[in-house]
Amino acid sequence: MSYTKFGIRPEFVERVKVKMKNPVVKERIKQVVNGLTKYDLQDRVKVRRIVRQASSVLNEPLNEVQEEQIIAFVLAQKIDPNNTLHLLKLWAMFR
């Protein structure tokens, strides 16, 4: 399932990918997502908090619609951070 089907713009994804190449930003994002479980990533409230923290770290202000699109995307993926196949699928989607 592609992120564009959720209304997430490719330009936004490219900006985030460039910012994630900065080692300092990458470490701060790792701290935000450290210890997440698949249950955390299926909880709308927790995902909203994570998205807000990540947008703050990346200095990417999100409006309400963009935030909801990202939350819907994360919930639809049913990501298990401990499952290598899930992580490879996500990596392939954003490479």
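Which one of these is among the aliphatic types (A, V, I, L, M) and in contact with a Leu (Cβ under 8 Å, 6 or more places away or on another chain): Val74, Val33?
Val74
Considering only residues that are of a type in the set (Asp, Glu) and without any contact (Cβ under 8 Å) to a residue 12 or more places away in the chain, which ones fall in region 55-95?
Of everything in region 55-95, those that are of a type in the set (Asp, Glu) and without any contact (Cβ under 8 Å) to a residue 12 or more places away in the chain turn out to be Glu64, Glu68.
Just wondering, is there one or more residues in region 46-61 that are modelled with pLDDT under 90, out of contact with any strand residue (DSSP E or B) (no Cβ under 7 Å at 6 or more places or on another chain) and surrounded by 13 or more Cβ atoms within 10 Å (Cβ to Cβ)?
No, region 46-61 contains no residue that is modelled with pLDDT under 90, out of contact with any strand residue (DSSP E or B) (no Cβ under 7 Å at 6 or more places or on another chain) and surrounded by 13 or more Cβ atoms within 10 Å (Cβ to Cβ).
Just to check your reading of the model, which residue among Val13, Val24, Val65, Val18 is surrounded by 13 or more Cβ atoms within 10 Å (Cβ to Cβ) and β-branched (Val, Ile, Thr)?
Val13
Taking only region 21-54 into account, find how many residues are in a helix (DSSP H, G or I) and either without any contact (Cβ under 8 Å) to a residue 12 or more places away in the chain or on the phi > 0 side of the Ramachandran plot (or both).
Result for region 21-54: 10.
Taking region 55-65 as the region of interest, how many residues are farther than 19 Å from Leu90 by Cα, not aliphatic (A, V, I, L, M) and not in a loop (DSSP other than H, G, I, E, B)?
Residues in region 55-65 being farther than 19 Å from Leu90 by Cα, not aliphatic (A, V, I, L, M) and not in a loop (DSSP other than H, G, I, E, B): 2 in total.
Which of the following residues is small (Gly, Ala, Ser), part of a helix (DSSP H, G or I) and under 12 Å from the mean Cα position of the chain (by Cα): Ala72, Ala92?
Just a single option satisfies the conditions, and that option is Ala72.
The values are calculated or read from the model by the stated rules, or taken from the named source; none is laboratory data. Quantities reported herein were computed from a predicted structural model and do not represent experimental measurements. Cβ sites come from the backbone with ideal geometry, for glycine too, and all protein chains shown count toward neighbours.
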